[in-house]
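Input: a single structure, listed below in structure tokens.
Every read-out reported here was derived from the displayed coordinates using simple, explicitly stated rules and does not represent laboratory data. Computed from a prediction, not measured in an experiment: that's the story for all the values here. Neighbour counts run over all protein chains shown; Cβ positions are idealised from the backbone, glycine included.
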Amino acid sequence: MKLWSLDRLAALNIGLVVLLVGGIIGARSVLASKTKADNNRVFELRIYHAVSGKLLVMESRFRDTTSKILTRHHLNVVGYWVTVDATDSSFVFLFAHESREEAKRNWEAFRLDPEFQEIMKAEQAEKTLEKADILFLRATDFSPMR
């Protein structure tokens, strides 16, 4: 029995790279504002594994429409990335939330947005998402991005 599949290792490696890059970017952005280590701020890492050959369609949807809707619902994206490894086609993005509760409220409003409902219809017509890995993260007290 394998404890770690190649997909899980790839997702973990992507996550670590995203966090590293996010820390560097965040240190130079408004996200670098210092807060106390005991705050409720959380980060949400999403790794969307694309159906073979559909990564560009997924990326286009986010560029053209989804990212605007996320912003409208206060879902603060730190950054978007795509994998460059030929064995994995994933769209990776990182959010910063003031709390898990805020994330839950904002995601619910996002899901109810009529424009997002149109995107979901497009997704049903042309499936791009194979599976999603979603992780909530708490910054350590020594992290440059808190």
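Once backbone amide H atoms are built at 1.01 Å from N, E130 has H49, A50, V51 as its partners under 5 Å, excluding neighbours fewer than 5 places away on the same chain. Using each residue's phi in the stretch 95-107, evaluate 6.51 cos²θ - 1.76 cosθ + 1.60 at θ = phi - 60° and report the 3J(HN,Hα) Karplus result to the nearest Hz, with x for Gly and Pro. Residue by residue, the stretch 95-107 yields 10, 10, 10, 5, 6, 5, 5, 4, 4, 4, 4, 5, 5 Hz.
For a quick check: sort T71, T66 by the number of other beta carbons within 10 angstrom, fewest at the front.
Ranked by crowding around the Cβ, least crowded first: T71, T66.
In a fully extended conformation the segment linking N40 and E126 would gain 27.2 nm over its present Cα-Cα distance, using 0.36 nm per residue.
With both labels modelled 7 Å from their Cα along Cα-to-Cβ, the D85 to R63 distance reads 2.4 nm.
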